[in-house]
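Below: the structure, in structure tokens.
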Amino acid sequence: MTTRVLVLGAGFGGLELTTMLSEALGDDVDVTLIDKNDSFVFGYSKLDVMFGRTTPDAVRLAYGDIAKPGVRFLRQTITAIDPETRRVTTDGGVHEADVLVVALGADYDMAATPGLAEGGNEFYSVDGAERLGELLPTFSQGRAIVGVCGAPFKCPPAPSEAALLLDDYLSARDVRGDCEISFVLPLGSPVPPSPDTSHALLAAFAERYITFIPGLPVSSLDPARRVAVLGDGSEMPYDLFLGVPKHRAPDVVVASGMTTDGYVPVNPKTLETRFPGVYAVGDVATIGVPKAGVFAEGAARVVAASLIADMRRGEQPGAYDGLGSCYIEFGAGRVGRVDVDFLSGPKPTGTFHEPSDALVAEKQHFGSSRRASWFGR
Ligand SMILES: Cc1cc2nc3c(=O)[nH]c(=O)nc-3n(C[C@H](O)[C@H](O)[C@H](O)COP(=O)(O)OP(=O)(O)OC[C@H]3O[C@@H](n4cnc5c(N)ncnc54)[C@H](O)[C@@H]3O)c2cc1C
């Protein structure tokens, strides 16, 4: 009988997993991929939308374009997951699986930061980035804060990029001299596993008169007074707040009983959960790696290779390695890279690569190669 693989979530993890299964097994596998959205958007495209470098329509990759042997995509909202029986309920029906892969990412918890929804603007969703894309042209003077409300959050370098790109954006409009930019981060440095990357970012902040406040989250906003309250109770006035909300696993995952301390614990080598035949990959899982697409993708590859080995009676793949490379926008069109290794040593390490033209091209290839392999575009 053909193995039924049910993949919940068509983000970095779900897309990579289904692509690998289809390429290796074609019609010999029965893969159902479910997502509530009609399209995928790369995380970094949200920064491009926010700063008016592109439009939301231009960065949406439609799931309708997925045409892969053995894979069917269903646009449905998952309402319940039973990991014991591998039964999943959606607004379209009930699905049963031999293998269940949970790749539902992390959601944003706006309510966890009082005042954020009313007085701030998050830029971590497409809608939030789009709203800011409309608001930013009206900001020409005053105090801007890029503020992170809690850790862990997706793509640790992204808020640093936002601060640098805001400087670019305001400079291009010739209003930078009338604006202040501060950047509040709960981490002790911009990219903790790589001191070299952090130093390069700190130098970029200093060059651009961006005030960096490390080690504190933004705990709340008081929209009436236009004040951000930080983790130590100190207050910072603002005219524009660009926020990264607190993250949490989607409610449906928490309700399934799979989570501990907010996310799904897995065997970091195999991505297996404690439920037989059930895996979790990407931002929804706790593995000890950051919440980023490259790590979701790497974890998905290990699960796919293991399933392919099972079905082909081949050799099992090696353990998940926790390696990943992130591109970092330094502003003025410059792109650097940090290669991080989270699992092989006693503590995470990172290697910094200075911004270069080659890395600008590499980042473009990162997007275009995935567009091609996931969407055939
Ligand atoms: C501004 C920004 C910049 C970023 N830059 C980078 C970068 O340069 N490099 C990088 O590697 N990462 C980057 N990231 C992080 C990256 O986008 C995420 O870490 C990555 O998408 C996680 O992949 P995932 O498969 O775990 O989850 P996701 O890609 O989030 O996919 C989860 C999917 O599950 C679906 N879903 C959730 N709940 C339900 C439900 N109930 N029913 C049906 N479907 C549901 C969602 O619609 C979503 O499509 C960035 C993120 C942001 C916000």
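The values are calculated or read from the model by the stated rules, or taken from the named source; none is laboratory data. Owing to the predicted nature of the structure, the values given are computational and were not obtained by experimental measurement. In this analysis, Cβ positions are derived from the backbone assuming ideal geometry, glycine residues included, and neighbour counts consider all displayed protein chains.
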Picking from 249, 224, 228, 255, the residue that is in contact with a helix residue (DSSP H, G or I) (Cβ under 9 Å, 6 or more places away or on another chain) and exposed (fewer than 15 other Cβ atoms within 10 Å of the Cβ) would be 224
Just one listed residue, out of 100, 74, 104, is in a strand (DSSP E or B) and touching a Pro at 6+ places or on another chain (Cβ under 8 Å), and it is 100
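Each row is one residue, and each column tells you yes or no for (1) over 21 Å from the mean Cα position of the chain (by Cα); (2) among the basic types (Lys, Arg); (3) more than 16 Å from the ligand (Cβ to nearest atom).
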residue	(1), (2), (3)
111	no, no, yes
117	no, no, yes
123	no, no, no
134	yes, no, yes
151	no, no, no
159	no, no, no
174	yes, no, yes
182	yes, no, yes
TODO: Answer with yes or no whether residue 259 is closer than 23 Å to residue 325 by Cβ, among the polar types (S, T, N, Q) and more than 8 Å from the ligand (Cβ to nearest atom).
DONE: no
Based on this model, can you work out whether residue 16 counts as surrounded by fewer than 15 Cβ atoms within 10 Å (Cβ to Cβ), farther than 30 Å from residue 135 by Cβ and out of contact with any strand residue (DSSP E or B) (no Cβ under 7 Å at 6 or more places or on another chain)? no
Picking from 198, 171, the residue that is of a type outside the set (D, E, K, R), outside the structural domain of residue 45 (by TED's automatic domain parsing), free of Cβ contacts under 8 Å to residues at least 60 places away in the same chain and surrounded by 17 or more Cβ atoms within 10 Å (Cβ to Cβ) would be 198
Considering only strands (runs of 3 or more DSSP E) wholly within segment 224-329, the ones with at least 1 residues that are closer than 26 Å to residue 129 by Cβ are 227-230, 235-237, 240-244, 246-248
Selection over segment 19-50 where residues are within 11 Å of the ligand (Cβ to nearest atom) and not in a strand (DSSP E or B) yields a count of 13
task = Answer yes or no as to whether residue 156 is of a type outside the set (Phe, Trp, Tyr), part of a loop (DSSP other than H, G, I, E, B), at pLDDT 95 or above and surrounded by 21 or more Cβ atoms within 10 Å (Cβ to Cβ).
result = yes
Query - Test: residue in segment 310-322 that is more than 29 Å from residue 25 (Cβ to Cβ), within 16 Å of the ligand (Cβ to nearest atom) and among the acidic types (Asp, Glu) - result: no
The condition of being at pLDDT 95 or above, more than 18 Å from residue 109 (Cβ to Cβ) and among the aliphatic types (A, V, I, L, M) holds, among 264, 281, 254, only for 281
Over segment 19-56, the set of residues surrounded by fewer than 22 Cβ atoms within 10 Å (Cβ to Cβ) and among the acidic types (Asp, Glu) is 23, 27, 28, 30, 38, 48
Residue 371 vs (1) basic (Lys, Arg); (2) surrounded by 16 or more Cβ atoms within 10 Å (Cβ to Cβ); (3) not in a loop (DSSP other than H, G, I, E, B): all pass except (2)
- Yes/no for residue 85 being more than 29 Å from residue 241 (Cα to Cα) and in a strand (DSSP E or B): no
Looking across segment 88-97 at residues that are more than 27 Å from residue 298 (Cα to Cα) and outside any strand (DSSP E or B), the single one that is nearest to the ligand (Cβ to nearest atom) is 91
Among (1) of a type in the set (A, V, I, L, M); (2) surrounded by fewer than 21 Cβ atoms within 10 Å (Cβ to Cβ); (3) not in a helix (DSSP H, G or I), residue 184 falls short only on (2)
